[in-house]
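The values are calculated or read from the model by the stated rules, or taken from the named source; none is laboratory data. These numbers come from a predicted model, not from an experiment. Glycine also receives a Cβ, built like all others from the backbone with ideal geometry; neighbour counts cover every protein chain displayed. Remember, those area values only see protein heavy atoms, side chains included, never the ligands or the DNA or RNA. Shrake-Rupley method; radii C 1.70, N 1.55, O 1.52, S 1.80 Å.
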Amino acid sequence: MVAQVIADRLATAYRLTLPWWLGCCLFALGCNGGDQDAKKSGFQMTDADQRPVPVTGRQSEQLARALNLVKSDDVAEWEVFENSVTDSLNTAWNVAKSTEGQQSMAAAVPDWQRSPLLATLPAVYQAGLSWQNFDSETFLYTDAFYLQEQYWLSQIVDRVRRAGAGTRFSYLTHAGRPQPQSLTQALQANDPALAPEQAESLALALTLFDWSVRNVSGEPFPPAWDEAEAAEQAVRPLEPDQPRSFAGVRGAGYRNYVWQTLNYGRGDTWEQGHLFLQLARHAGLDACVIGLPKVAPTSMLPRVAHPSLTPWAIGILLGDNLYLFDPRLGLPLHHPETLAVLTLQQAQENPAWLQWQGLTPEESTEADSVYPVRASDLRDMVALLDYPLEGFSLRCQFLQRNLTGTNRFDLYFSPDDVAARLRQLPGISDVQLWALPVEILIFRETIREAARRATRDRYVQAKLQWRTQEEGYFDDFPLLRRSRVLFLLGRFQPDPSELVADCFREFQRMNYSDDDWRNIADNPELQKTLGLYQAAGQSAEEFRQALEGQKAAMTLVRGDAKLYMALAHSEIQNHSTALNMLRHVPKYDLSAKWTRHTEYLKARSLESMKNYEAAIATYQESARQFRSARSPRDYGNLLRVRILQRQMSTLPQEQAGQ
């Protein structure tokens, strides 16, 4: 009942405030186009463009404008953002054609080739927007969000690379060791066959994997809906020959774009795995998902974005070996004795090592706690490459070659060379594009179209209540959105001059008291900080209803802000403060959506502080708490308990209970 009331208030506020808010944003962004043809494009085509490596060119005013929006921490409403960026990119290209004499984008980038891997996408997914427009020279709204998420990813990778692992892997670097080691040293000690540069790359992969696990909530997979349940969710007719994503039915792995996962911090463990794969690519690591043709899907090992393969683990290619990470468990696969990261070849040759990743009957009697993959299943494996189609399109390579100076970051990623290296590995029978990025776009495009119909169709509106409850309040709360972007950009240090915003200060501003939200109608200053103004033509009653909707949002964002602030403290390895913040989240998390992740993060903070006994107790209590609503991450947490207990047994008593 509470969730329904909140959803209704948010929907009313959104309907009443969007028209005038959108107008304000458009005015502020200065969307002008009357004199664009008179401006020099700056897309400079030279003989150097014939080279296979990206070359730089002069920035056009329109391209610079698009990139400023992409990199800004002052986030506009999503529709304003996508329109402004897309219009700027298309205007820049059109002016380039007229001033540089290029007849087509293909002529401007003559060495670009359509990847043969496109043919490996299952035919059913070739109806998606990104597939149908792959060769288009017109920038799409999805390109705007692709640019933004790639910029955010590049910032995260740079920050993680600089910061290192700290004590986050204390179960490898500290526990059980008389002297602490760096993560790279611990990996080499556990696996002497690792070359120094490979150990450094593997350490980077571990820290990026850990970042994705800590920053995505690891929720249970949506159930495998029966026909009636799926029809209840569907916003389009269900077709027997199409995945249910085409009808807007939520499923494992495909509910959010990467930029949404980064914003909300919520998702199942394959949404977390999808994020890790994008981070790995930005870090220069060759990565793939290992698809198994012989394993039937289960509730804990679902089939995701492929009609006949079950995705299992993520492999990071170093030398001739694929090092294995299981996003479901939130852990790399470890050697039972040394805790070295297992390779695919070792998993194939040592069945007991693979089964060690599951729980024993003493640890859990649940059937799903047994590791679902056996060494005998690792035959005829398919390496699935998780590459958004935008990332190796002609449009993207054209953009990449025209980014210069501080505006330069990686956008274009060809999968072909990685595919060639993976084909050389024993046991890999084929390399294909994973359809997950395409399925995400298909699902989101369906929901986007349904949201337009929902403004005049109450039946569709009722089916999208989940969107209002889970996303709408976030999307319509500018301060919360901006705070998250500041977090993603690594703005943690306060500026004494207050000229540059930091995420801590912005999160703190959302620590609303009960009196704040109750009396918002009488507090113009608070209304101003929330971006609420009574627009021309908006009646007093309409504005009052908008304020009522904002009250509902304010009660929700307090819990989110607390959780996000704890994550920010964890990001700068201030683990004791993070732990203290996490203890306050339940008071404000009215819908209890963060309960599982809060408990996990508390245990991880304790583990990083080397308080292993308290961490173990927290993991175990969380597993008991969610016994009736399992995420595979729960089994991974109990595996962490086993590892910590074994590591503690090798320590002196006074160190074990530190």
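Right, Ala175: crowded, with 22+ Cβ neighbours inside 10 Å and without any contact (Cβ under 8 Å) to a residue 60 or more places away in the chain or not? Here the answer is no, as Ala175 does not meet what is asked.
Against the definition (within 21 Å of His569 (Cβ to Cβ) and open to solvent by less than 10 Å² (accessible area, probe 1.4 Å)), how does Ala614 come out, yes or no? Quick ask: steps written out before the conclusion?
Working: within 21 Å of His569 (Cβ to Cβ): yes; open to solvent by less than 10 Å² (accessible area, probe 1.4 Å): no.
In short, no.
Tell me yes or no: at least one residue of region 169-183 is in contact with a strand residue (DSSP E or B) (Cβ under 8 Å, 6 or more places away or on another chain) and hydrophobic (A, V, I, L, M, F, W, C). No, region 169-183 has no match at all.
Looking for whichever is open to solvent by 60 Å² or more (accessible area, probe 1.4 Å), at pLDDT 90 or above and assigned to a helix (DSSP H, G or I) here; the options are Asp87, Asp135. Which one fits?
Exactly one residue qualifies, and that residue is Asp87.
Checked against (1) among the hydrophobic types (A, V, I, L, M, F, W, C); (2) crowded, with 23+ Cβ neighbours inside 10 Å; (3) over 29 Å from Gly176 (Cα atoms), Leu590 passes all but condition (2). Mind telling me which of the residues Ala561, Ala578 ends up being within 20 Å of the chain's Cα centre (by Cα), under 19 Å from Asn511 (Cβ atoms) and surrounded by 21 or more Cβ atoms within 10 Å (Cβ to Cβ)? That would be Ala561, the only listed residue that is within 20 Å of the chain's Cα centre (by Cα), under 19 Å from Asn511 (Cβ atoms) and surrounded by 21 or more Cβ atoms within 10 Å (Cβ to Cβ).
Matching residues to (1) touching a strand residue (DSSP E or B) at 6+ places or on another chain (Cβ under 7 Å); (2) open to solvent by 70 Å² or more (accessible area, probe 1.4 Å); (3) more than 30 Å from Leu121 (Cβ to Cβ):
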residue: Thr446; (1), (2), (3): no, no, no
residue: Tyr459; (1), (2), (3): no, yes, yes
residue: Gly472; (1), (2), (3): no, no, yes
residue: Pro496; (1), (2), (3): no, yes, yes
residue: Asp514; (1), (2), (3): no, no, yes
residue: Leu532; (1), (2), (3): no, no, yes
residue: Gln538; (1), (2), (3): no, no, yes
residue: Phe543; (1), (2), (3): no, no, yes
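Looking across region 98-119 at every residue that is part of a helix (DSSP H, G or I), of a type outside the set (Gly, Ala, Ser) and buried (at least 18 other Cβ atoms within 10 Å of the Cβ), the one that is nearest to the chain's Cα centre (by Cα) is identified as Leu117. Residues of region 142-187 that are in contact with a Lys or Arg (Cβ under 9 Å, 6 or more places away or on another chain) and not in a helix (DSSP H, G or I): Thr167, Arg168, His174, Ala175, Gly176. Evaluation of Tyr171 against the conditions (1) touching a helix residue (DSSP H, G or I) at 6+ places or on another chain (Cβ under 7 Å); (2) of a type in the set (Phe, Trp, Tyr); (3) farther than 20 Å from Thr338 by Cα shows that the sole unmet condition is (3).
Condition test on Leu208, is it more than 25 Å from Ala561 (Cβ to Cβ) and crowded, with 23+ Cβ neighbours inside 10 Å? Judged against the criteria, Leu208 is a match. Name every residue in region 577-613 that is in a loop (DSSP other than H, G, I, E, B), of a type in the set (D, E, K, R) and touching a residue at least 60 places away in the same chain (Cβ under 8 Å), in order of residue number. The answer is Lys593, Lys610. When residues in region 617-642 are screened for being crowded, with 19+ Cβ neighbours inside 10 Å and assigned to a helix (DSSP H, G or I), 14 of them pass. The single condition among (1) surrounded by fewer than 19 Cβ atoms within 10 Å (Cβ to Cβ); (2) in a helix (DSSP H, G or I); (3) of a type in the set (A, V, I, L, M, F, W, C) that Ala199 does not meet is (1).
Close contacts from region 515-527, counting a first residue that is closer than 18 Å to Leu479 by Cβ and of a type in the set (Asp, Glu) and a second that is crowded, with 18+ Cβ neighbours inside 10 Å and modelled with pLDDT of 85 or more, with Cβ to Cβ under 8 Å and a gap of 6+ residues or different chains, come to Asp516/Met554. Entry remark, region 221-235: residues being in a loop (DSSP other than H, G, I, E, B) and either surrounded by fewer than 16 Cβ atoms within 10 Å (Cβ to Cβ) or among the hydroxyl-bearing types (Ser, Thr, Tyr) (or both) number 3 in total. Restricting region 354-378 to residues that are surrounded by 14 or more Cβ atoms within 10 Å (Cβ to Cβ) and small (Gly, Ala, Ser), the residue that is farthest from Ile314 (Cα to Cα) is Ser364. Among the residues of region 272-284, is there at least one that is free of Cβ contacts under 8 Å to residues at least 40 places away in the same chain and either touching a helix residue (DSSP H, G or I) at 6+ places or on another chain (Cβ under 9 Å) or open to solvent by 20 Å² or more (accessible area, probe 1.4 Å) (or both)? Checked against the condition, which is being free of Cβ contacts under 8 Å to residues at least 40 places away in the same chain and either touching a helix residue (DSSP H, G or I) at 6+ places or on another chain (Cβ under 9 Å) or open to solvent by 20 Å² or more (accessible area, probe 1.4 Å) (or both), region 272-284 yields at least one hit. If I filter region 552-560 for residues that are of a type in the set (D, E, K, R), under 28 Å from Arg159 (Cβ atoms) and part of a loop (DSSP other than H, G, I, E, B), do I get at least one hit? No - not one qualifying residue is present in region 552-560.
Residue count for region 352-390 under the criterion of being closer than 29 Å to Gln432 by Cα, out of contact with any helix residue (DSSP H, G or I) (no Cβ under 7 Å at 6 or more places or on another chain), of a type outside the set (D, E, K, R) and outside any loop (DSSP other than H, G, I, E, B): the result is 5.
This table checks each residue for (1) more than 25 Å from Ala165 (Cα to Cα); (2) hydroxyl-bearing (Ser, Thr, Tyr).
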| position | (1), (2) |
| --- | --- |
| Asp589 | yes, no |
| Tyr600 | no, yes |
| Met609 | no, no |
| Ala623 | yes, no |
| Arg630 | yes, no |
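Taken over region 61-78, the criterion of being open to solvent by 30 Å² or more (accessible area, probe 1.4 Å) and either part of a loop (DSSP other than H, G, I, E, B) or modelled with pLDDT under 90 (or both) is satisfied by Glu61, Ser72, Asp74.
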